[in-house]
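Asker: Take a look at this one; I'll ask things after.
The values are calculated or read from the model by the stated rules, or taken from the named source; none is laboratory data. Please read these numbers as outputs of a predicted model, since none were measured by experiment. Note: ideal-geometry Cβ built from the backbone for every residue, glycine included; neighbour counts use all protein chains shown. In case anyone asks, the SASA skips ligands and DNA or RNA and just uses the protein heavy atoms, side chains included. Shrake-Rupley method; radii C 1.70, N 1.55, O 1.52, S 1.80 Å.
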Amino acid sequence: MLTIFSDYTLRTVALGAGALGIVSGVLGSFAVLRKQSLLGDAISHAALPGVVIGFLIGGKSPLALLIGAAGAGWLGTLVVRSIVRTTRIKDDGALGLVLSVFFGIGLMLLTFVQRQPDASQAGLDTFLFGQAAALVRSDVVTIALLGAVAIATVAVFWKEFKLLSFDPEFGTTLGLPMGRIDVLLTTLLVIAIVIGLQTVGVVLMSAMVVAPGAAARQWTNRLGVMVPLSALFGATAGVSGAVISSQEAQLPTGPMIVLSASVLVLVSLSLAPGRGLLWELWRRRKNRKRLSVDAVLADLYALDLQHEDEHPHSVAALNAMSAERDGVGEELKQLEDRGWASQAAEEQWVLTDAGRAEARLRSRSASMPGDGRASEEADGRLGAAP
Amino acid sequence: MTQPQLEIQAIAVVTAIACALPGVFLVLRRVALLSDAISHSILLGIVLAFFVAGSVTSPLLIVGAAAMGLITVVLVQALTRTKLVANDAAIGLVFPALFSIAVVLIARYSGDVHLDTDVVLLGELAFAPFERLVIAGYDMGPQSLYLMGGILLLNFAGLLLFYKELKLATFDAALAAALGFSPALVHFGLMGMVSVTAVGAFDAVGSILVVALMIAPPATAYLLTDRLPSMIAGSALIGAAAAIGGYWLAHLLDASIAGSIATVLGAMFAVAFALAPQRGLIAVARRRGRQRWEFARTMLAIHLLNHEGLPEAADENRVEHLKDGLGWDGDFTAEVVKQAKRNGLLWEGEGALILTDSGRRLAESAVAA
């Protein structure tokens, strides 16, 4: 585990994956909030023709590939926007169309180039699944530099991006060019995706955009907390994926990064305070228990009304009063704790004065609207009005 | 045309039509991207079924893959229903996770077996005729033609049998539920159809281009028609045409057939996007232009009506004066006046413009409206 400090390759890969996680975490937060989670999927697929064209023009220069990928990805988002804006095809159709058609064009171009006699065999594998293990220092520097530019831009336009994510119409009324701000944010997302392609590949890049943001969203309602948290989650997923995949042979890095991110999402979905699934489960149980205690109190009160004096009632009678009840021991104990009921004998319980008062209060407030007395009062008031 | 060429085109056409049929409803129901999710996560189903069956040719693979497609849909729905993430994020979380598990399993446990992720993602139509169906020593043709033909029949039968339900649940889910059809059942039926089709087709065209075959033809047809039957027929036709066109494009360039088919599909969509008779960019631009002139003629008629019979009419209704009255420049005014004359809205007498009866009627009805 500590090899991360000594192993040069692992350190490079982990640094690269971590930096990538930070960038995609930051930009992904906005994509998740704006319900554009799958735009990342479309952009990463749409980048393929750009990669091939970049390769044709610039050879194996990484910068040419990056620029080509970014250009094609950006063009893809433009096409999606214009389809959604001018036709009745919705987001999902436009994204699916751009994703698959651009990828198809890229595949056609790539196979065309590969079958030329003097072409060197540029593998499609790298593009599809990423090749984190092949990251070298200059790649990490590129990721870090481009990522820093993207994050700095987010910091500069923080207010505008926040407005765009939550209330773009309000932004328009303030006179801000929301369309151009949207294009800027999308461009940054394109950059985040393009620098990740080499590490995790096309198919899995979309997860790097969605997962950290979706996980961070569970822990907070504030954008200022969510974005850094998402960056932290992204970095954690990147580094731990890289480290885990280095521990054993044949654990591909890209999928391990995505699985780490997925684990973070699962943990966040279950544990997040206030809205997580476990929290919800606990709240539901508490509610159910409270309701069943209330029901037993009401039943005990109903039995109590049958008698002038204080009269103990059997547990069996209480059990029989509701079909889906199995045992009232716990509920009675709760009532006793609150001083509303007491045990008179074995299996015999009686309502205390406080319990009777409480139950009367509740039954009255529950039956208020249809209550005879209430309508009488209303009638009286109506009569006095003229 | 040689025998394999013919066979490849036949497989491509059958696959394209089989994909287009469920695709229509994916696009109309706005769940197009579920096809993307399903076509990726079926890889995990294939891998798991492969571990159970121990061979890549077992029919269990198709069953496992289709089941995984449905599981994907269920997971996405369950995640959406927690309300903790939006539907699109749920899709983006589920399928990469399932796909990652599949890739890791393949990398670790089936290193020397023929189960190549490239092939799953990209497919290779050119190899499809190599696998022959041989019955009692007779060569009956390529296996995948039968597989896709069977899936096409299945989809077609499903469409015929449940046409009414699909249509109702797609266009008015609330009414469908009120009438006692279960929208959920229709949804899962459709998703089952998509899963089986994706499994059958990924072998030939790869999982990413299954998405192209499912979405691009219906999206194109959607721009051309307002009627469901013609949209279905149009999608099938567009898919088939792109399959044949794509094959020959690939032949010409010596490139991937699946990629070329997607390219042709993209080109067809682009043409429809630009030229569709009602909804195309050009039609919309022309309609806007026409409305502009129509509006200007009406404005002119209203202007003339306003001053008609009043002392200043002779002044206000002169052509040179319209510039001030309506704020138009000279060329534009001249063109509007020319058009209005041609349409019989007005005539020119004593240097001023005078409305005809029909011009007056137009102005009066426009003002009244």
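Asker: Counting only protein heavy atoms, what percent of the accessible surface of chain A is carbon or sulfur at a 1.4 Å probe?
Answerer: Percent of accessible area from carbon and sulfur atoms in chain A: 62.
Asker: Which whole-Hz couplings ³J(HN,Hα) result when phi for each residue of the range A:139-156 is put into the Karplus expression 6.51 cos²θ - 1.76 cosθ + 1.60, θ = phi - 60°, listed in order with x for Gly and Pro?
Answerer: Coupling constants for the range A:139-156: 4, 4, 4, 4, 4, 5, 5, 4, x, 5, 4, 4, 5, 4, 5, 4, 5, 5 Hz.
Asker: Moving to a separate point now. When the helices in chain A are scored as -39500 (n - 2.57) per DSSP H run of 4 or longer and the sum is shared across all residues, what 222 nm value do you end up with, to the nearest 500 deg cm²/dmol? Let's see the in-between values first.
Answerer: Details: 17 runs with 295 residues, N = 386.
It comes out at -25500 deg cm²/dmol, rounded to the nearest 500.
Asker: Right, next: If you plug each phi of the range A:52-62 into the Karplus form 6.51 cos²θ - 1.76 cosθ + 1.60 with θ = phi - 60°, what whole-Hz ³J(HN,Hα) values come out, in order, with x for Gly and Pro?
Answerer: 5, 5, x, 5, 4, 7, x, x, 8, 4, x
Asker: Roughly how many Å is it from the Cα centre of the range A:253-323 to that of the range B:12-52, as a whole number?
Answerer: First find each Cα centre; the distance between them is then 41 Å.
Asker: To continue, here is another question. List the GluC sites (Glu not before Pro) within the range A:280-339 that fall in a DSSP loop (any state other than H, G, I, E or B) and whose Cβ has at most 15 other Cβ atoms within 10 Å.
Answerer: Working: sites: A:Glu280, A:Glu308, A:Glu310, A:Glu324, A:Glu330, A:Glu331, A:Glu336; in loops: A:Glu308, A:Glu310, A:Glu324.
Qualifying residues, ordered by number: A:Glu308, A:Glu310, A:Glu324.
Asker: Also: Which value in deg cm²/dmol, rounded to the nearest 500, describes the helix-derived mean residue ellipticity at 222 nm for chain B, given -39,500 (n - 2.57) per DSSP H run of n ≥ 4 and division by the residue count? Intermediate values should be presented prior to the final figure.
Answerer: Values: 17 runs with 280 residues, N = 369.
About -25500 deg cm²/dmol.
Asker: Mind listing the phi-derived Karplus ³J(HN,Hα) values for the range B:145-160, rounded to whole Hz, using 6.51, -1.76 and 1.60 with θ = phi - 60°, and x for any glycine or proline?
Answerer: Result, rounded to whole Hz: 4, 5, 4, 5, x, x, 5, 4, 4, 4, 5, 5, 5, x, 5, 5.
Asker: What does the average come to when, for each residue of peptide A:174-183, you count the partner chain Cβ atoms lying within 10 Å of its Cβ?
Answerer: Whole-number average of other-chain Cβ neighbours for A:174-183 is 0.
Asker: Which far-off residues, 5 or more places away or on another chain, put their amide H under 5 Å from the one on A:Ala341, with H placed in the peptide plane?
Answerer: Amide H to amide H, under 5 Å and 5 or more residues apart or across chains, A:Ala341 pairs with A:Glu336, A:Thr352.
Asker: Would you compute the Debye intensity of the range B:282-368 from its alpha-carbon atoms alone, equal scatterers and no solvent, and pass along log10 I(q)/I(0) at q = 0.25, 0.26 Å⁻¹ to two decimals?
Answerer: These q points yield log10 I(q)/I(0) values of -1.33, -1.42.
Asker: So, with +1 on the Cβ of K and R and -1 on the Cβ of D and E, and no other charges, what is the size of the charge dipole of the range B:282-368 about its Cα centre, to the nearest 20 debye? Working shown, then result.
Answerer: Values: 13 positive and 14 negative charges, 160 e Å.
Around 760 debye, computed over the range B:282-368.
Asker: Sorted from largest down, what three extents in whole angstroms do the Cα atoms of the range B:143-213 have along their principal axes?
Answerer: Taking the Cα atoms of the range B:143-213, the three principal extents are 43, 22, 15 Å.
Asker: What are the residues whose amide H is under 5 Å from the amide H of A:His313, where those residues sit 5 or more places off or on another chain and H is modelled from the backbone?
Answerer: Close amide H contacts, sequence-distant or interchain: A:Trp349, A:Val350.
Asker: Moving on. What is the set of long-range amide H partners of B:Gly141 at a cut-off below 5 Å, with H atoms built 1.01 Å from backbone N?
Answerer: Those qualifying (amide H under 5 Å, at least 5 residues apart or on another chain) are B:Leu133.
Asker: Follow-up question, since we're still on this one. I need the semi-axes of the equivalent ellipsoid of chain A: take the C-alpha gyration tensor, multiply each eigenvalue by 5, square-root it, list largest first in whole angstrom. Can you show the working numbers first?
Answerer: Details: eigenvalues 787, 154, 63 Å².
Taking √(5λ) for each Cα gyration eigenvalue gives 63, 28, 18 Å.
Asker: Can you list, largest first and rounded to whole Å, the semi-axes you get for the range B:126-252 by taking the square root of 5 times each eigenvalue of its Cα gyration tensor?
Answerer: Details: eigenvalues 193, 75, 29 Å².
Each semi-axis is √(5λ); the values are 31, 19, 12 Å.
Asker: Given labels modelled 7 Å from the Cα in the Cβ direction, how far is it in nm from B:Ala369 to B:Leu175?
Answerer: 2.9 nm
Asker: Tell me the label-point distance for the pair A:Glu346, A:Arg285, using the 7 Å Cα-to-Cβ offset, in nm and rounded to one decimal.
Answerer: According to this spin-label approximation, the distance is 3.2 nm.
Asker: Could you sort the residues of the range A:32-57 by number and keep only those whose accessible area is reduced by 50 Å² or more in the all-protein-chain setting relative to the chain alone, 1.4 Å probe?
Answerer: Buried on complex formation: A:Leu38.
Asker: Let me ask another. Would you mind listing how long chain B runs along its three principal axes, going by Cα atoms, in whole Å with the largest first?
Answerer: Cα spread of chain B along its principal axes, largest to smallest: 99, 54, 37 Å.
Asker: What order do you get for B:201-208, B:276-283 when each peptide is scored by the mean count of other beta carbon atoms within 10 Å, highest first?
Answerer: Working: B:201-208: 27.8, B:276-283: 14.8.
Highest mean packing first, the order is B:201-208, B:276-283.
Asker: Okay, moving on. Find the Rg to Rh ratio for the range B:3-208, where Rh is the Kirkwood radius over alpha-carbon pairs and Rg uses the same atoms. Don't skip to the end; give the middle numbers.
Answerer: Details: Rg = 17.9 Å, Rh = 17.9 Å.
Ratio of gyration radius to Kirkwood radius for the range B:3-208: 1.00.
Asker: For the range A:86-220, what is one quarter of the convex hull surface built on the Cα atoms, given in nm²?
Answerer: Working: hull surface 46.3 nm².
So the mean shadow area of the Cα hull is 11.6 nm².
Asker: Now for a different question. For chain B, with all protein chains present and a 1.4 Å probe, just round the carbon and sulfur fraction of the accessible area to a whole percent. Write down the numbers at each step before the final one.
Answerer: On the way: 10640 of 16680 Å².
Using a 1.4 Å probe with all protein chains present, chain B comes out at 64 percent carbon and sulfur.
Asker: Hey, another quick one. How much accessible area per residue does the protein assembly as shown have, counting only protein heavy atoms and a probe of 1.4 Å, in square angstrom? Kindly include the intermediate steps, with their values, before the conclusion.
Answerer: Working: 35340 Å² over 755 residues.
Value for the protein assembly as shown: 47 Å² per residue.
Asker: Further, regarding this structure: Please express the Cα-Cα pair-distance distribution P(r) of the range A:267-309 as a list of whole percents, one per 5 Å bin, running from 0 to the bin with the greatest distance.
Answerer: 6, 22, 14, 13, 10, 9, 8, 7, 5, 4, 2, 0
Asker: So what are the three principal axis dimensions of the range A:161-316 from its Cα atoms, in whole Å, longest to shortest?
Answerer: 82, 56, 22
Asker: Roughly what percent of Cα-Cα pairs across the range B:200-283 reach past 20 Å? Present the calculation step by step, with values, prior to reporting the outcome.
Answerer: Values: 1153 of 3486 pairs.
Percent of Cα pairs beyond 20 Å in the range B:200-283: 33.
Asker: What percentages, rounded to whole numbers, describe P(r) for the protein assembly as shown computed over all alpha carbon pairs with 10 Å bin width beginning at zero?
Answerer: Each 10 Å bin holds this share of Cα pairs: 3, 12, 18, 18, 14, 12, 11, 8, 4, 1, 0, 0.
Asker: Chain pair B, A: how much accessible area is buried, both chains summed, with a 1.4 Å probe, in Å² to 100? Don't jump to the answer; show the numbers that get you there.
Answerer: Values: alone 19060 and 21050 Å², together 35340 Å².
Roughly 4800 Å².
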